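Accompanying notes for the structure given below.
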Amino acid sequence: MTTSSIPTQSTQVFHRDVTHAPPLVDRAEGVHVWDAAGKRYLDASSGSNIVISIGYGVPEIIDAMTEQARKVSFCGGFTSEPQEQLAVELAEFAPAGLNYVRFTSGGSEANETAIKLARHYFVETGRPSKYKIVGRWRSYHGNTLGALAATGHVMRRSGYLPMLPPSAHAAPPYRYRCNFCAKQPACSLACADDVERVILNEGPDHVAAFIAEPIVGAAAMGMVPDPEYFRRVREICDKYDVLLIVDEVLTGMGRTGRNFAIDHWDVIPDMITCGKGMSSGYSPLGAVITTDRIHAAVAEGSGMFEHGFTYGGNPLSCAVGLAVLRYIKKHDLVANAAEVGAYLQASVREALTDSPIVGEVDGRGMLVGVEIVADRATKEPFPFELGINKVIAKKCQERGVLINPAFSGNADGYRGDRFGICPPYIFDRSQVDETVAALQAAVHEVATEVS
Ligand SMILES: Cc1ncc(COP(=O)(O)O)c(C=O)c1O
């Protein structure tokens with residue numbers, strides 16, 4: 001590779017992979033990134049962590065940041081105009097009835113906040129026995145211990161199991177590898193009914209909330225449930241007085257071609273968590289958006305939601321969030337994510353359909369997931385050690401295109417390889433073509449090498 005890296009022995013950063021420091025980035029503009037060796041990449045990964053929604057270096061956002069930093073960047077004990085206004089505009093952007101916002105510095109904090117707010121709601125309304133959180137297998141909600149307990153990503157949980165609060169998980173709506181109905185012509189919704197089974201096992205009097213990503217990210221990229229799935233889940237939650245939290249940290253703010261991915265199901269959750277694309281990477285920002293009912297329970301109860309983080313709602317990040325949201329609306333970027341996203345989905349499907357190592361392509365809008373398998377008939381995954389999704393991503397990178405490599409464990413918790421193509425919402429069709437050409441060549445090369 002021609003990328004420029006710091007030798008691992010000379011870095012004092014405690015990297016995730018201490019044996020391999022990532023390449024050095026130099027600068028970025030629009031949909032392109034340059035490394036320190038001067039090589040240019042087309043970024044179809046939105047900054048690898050699926051964060052960049054509106055592109056790099058947008059002057060309006062830099063102006064808003066600069067102006068706010070000059071005014072006041074932090075002052076705990078006060079609220080600020082950007083925080084107040086962002087709450088108003090975020091509530092307008094969210095489904096009807098979700099009108100109150102608690103800000104955080106990212107997605108894990110947002111999910112921690114939602115989990116604690118669910119518990120607090122039941123304390124406020126006189127049902128303190130309800131505290132358990134039900135998640136799903138093949139999910140990711142963050143790396144803090146509460147969010148990790150709700151997470152169903154086996155590899156990310158396994159090292160920390162003794163430290164995680166008790167949790168329960170339902171089956172994922174994973175049609176390609178569904179234990180209930182993968183061999184049947186249509187989804188039976190048994191995966192949705194599994195949520196009821198878990199609630200009954202845990203005891204409805206003890207379950208406070210069910211948390212799920214509407215379209216799965218890191219744990220099984222691009223897994224889209226059946227069109228009836230969330231309606232059934234909503235009914236089950238209502239039946240047992242369990243709150244429905246949708247984790248839109250990755251899918252929210254337009255990525256899937258709707259304001260929030262749950263809008264594809266026309267279902268109103270009790271809480272939405274968001275992060276990543278809401279600030280497009282200009283400043284750390286996350287949020288929980290919740291209903292009048294939950295806010296009223298606190299307002300009419302103790303009056304306090306005793307929880308918070310120092311940087312939650314800081315004026316600088318909120319000014320960024322406000323400028324990004326306005327930019328998304330002004331440039332109709334949700335519609336672009338839907339339209340160019342549909343082209344992206346179709347192009348990736350067409351390019352990879354005949355590959356002997358591609359199991360399925362799934363996703364919505366600017367979020368595509370591709371599953372790589374050793375055998376299309378049996379769906380047998382490649383050995384874990386091969387890291388085949390990373391090999392494909394590296395070959396794309398050599399061709400000057402960045403995709404999202406690191407999504408593994410979807411088959412049995414450890415084995416199973418998916419990767420993502422998740423560009424910023426400003427991508428156009430020619431950039432899709434460039435991405436898909438590199439991807440097709442990379443997949444073809446890998447398929448030839450392993451055959
Ligand atoms: C769906 C989802 N939830 C939560 C998180 C955690 O967010 P953060 O890394 O900002 O804490 C992520 C991050 O990848 C995510 O994809």
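Read the figures in this text as sums done on the coordinates, not as results from a lab. Everything numeric in this text was worked out from a predicted model, so none of it was measured. Because the Cβ atoms are built from the backbone with ideal geometry, glycine has one as well, and the counts that use them run over all protein chains shown.
Computed over the range 216-341, relative contact order equals 25 percent, with contacts defined as Cα pairs under 8 Å that lie 6+ residues apart.
Less than 12 Å Cβ to Cβ from E112, Lys/Arg counted +1 and Asp/Glu -1: what total charge do the surrounding residues give?
Details: positive: R102, K116, R119; negative: E109, D247.
Net of charged neighbours comes to +1.
For the range 337-348, 3J(HN,Hα) computed residue by residue from phi via the Karplus equation (6.51, -1.76, 1.60; θ = phi - 60°) reads 5, 6, 6, 5, x, 5, 5, 4, 4, 5, 5, 5 Hz, glycine and proline entered as x.
Here the gap between T144 and R197, fully extended at 0.36 nm per residue and compared with their Cα-Cα distance, gives a gain of 16.4 nm.
Computing Rg and the Kirkwood Rh from the Cα coordinates of the range 1-141 gives a ratio, Rg/Rh, of 1.05.
Close amide H pairs (under 5 Å, H built 1.01 Å from N) link L243 with A209, F210, residues at least 5 positions away or on another chain. With neighbours defined as other Cβ atoms within 10 Å of a residue's Cβ, the residues Y131, Y282, Y425 order from fewest to most as Y131, Y282, Y425. One equal scatterer on each Cα of the range 288-350, no solvent, Debye formula: the resulting log10 I(q)/I(0) at q = 0.25, 0.28 Å⁻¹ is -1.02, -1.08.
Sorting 388-394, 284-290, 62-68 by average packing, meaning the other beta carbons within 10 Å per residue, from highest down gives 284-290, 388-394, 62-68.
Within the chain, DSSP assigns beta bridges of which about 70% are antiparallel (rounded to the nearest 5).
Restricting to Cα pairs below 8 Å that are 6+ residues apart, what does the relative contact order work out to for the chain? Please round to a whole percent. Once divided by the residue count of the chain, the mean separation gives 21 percent.
Net charge of the neighbourhood of E89, taken over other residues with C-beta under 11 Å away and scored Lys/Arg +1, Asp/Glu -1, is 0.
What percentage of all Cα-Cα pairs in the chain are separated by more than 39 Å? Write out the running numbers ahead of the final one.
Values: 18356 of 101475 pairs.
It works out to 18 percent of all Cα pairs.
The residues C187, C318, when put in order of fewest to most other Cβ atoms within 10 Å, stand as C187, C318.
What does the helix-only formula give at 222 nm for the chain: each DSSP H stretch with n ≥ 4 adding -39500 (n - 2.57), the total divided by the residues, and the result rounded to the nearest 500 deg cm²/dmol?
Working: 12 runs with 156 residues, N = 451.
For the chain, the value works out to -11000 deg cm²/dmol.
A cut-off under 10 angstrom between Cβ atoms defines the neighbours of R127, and their net charge, with Lys, Arg +1 and Asp, Glu -1, is -2. Derived value for the range 218-276: Kirkwood hydrodynamic radius 12.1 Å. Basis is the mean of 1/r over every pair of different alpha-carbon atoms. The HN-Hα couplings worked out from phi for the range 71-79 by the Karplus form 6.51 cos²θ - 1.76 cosθ + 1.60 (θ = phi - 60°) are 6, 6, 9, 7, 6, x, x, 10, 9 Hz, whole numbers, x standing for Gly and Pro. Residues in the range 178-210, backbone N under 11 Å from the label point at R127 (7 Å along the Cα-to-beta-carbon vector): list them, ranges by number please. It comes to 204-209, nothing else.
Working ranking of peptides 158-168, 242-252 by packing, defined as the average number of other Cβ atoms within 10 Å per residue, highest first, is 242-252, 158-168.
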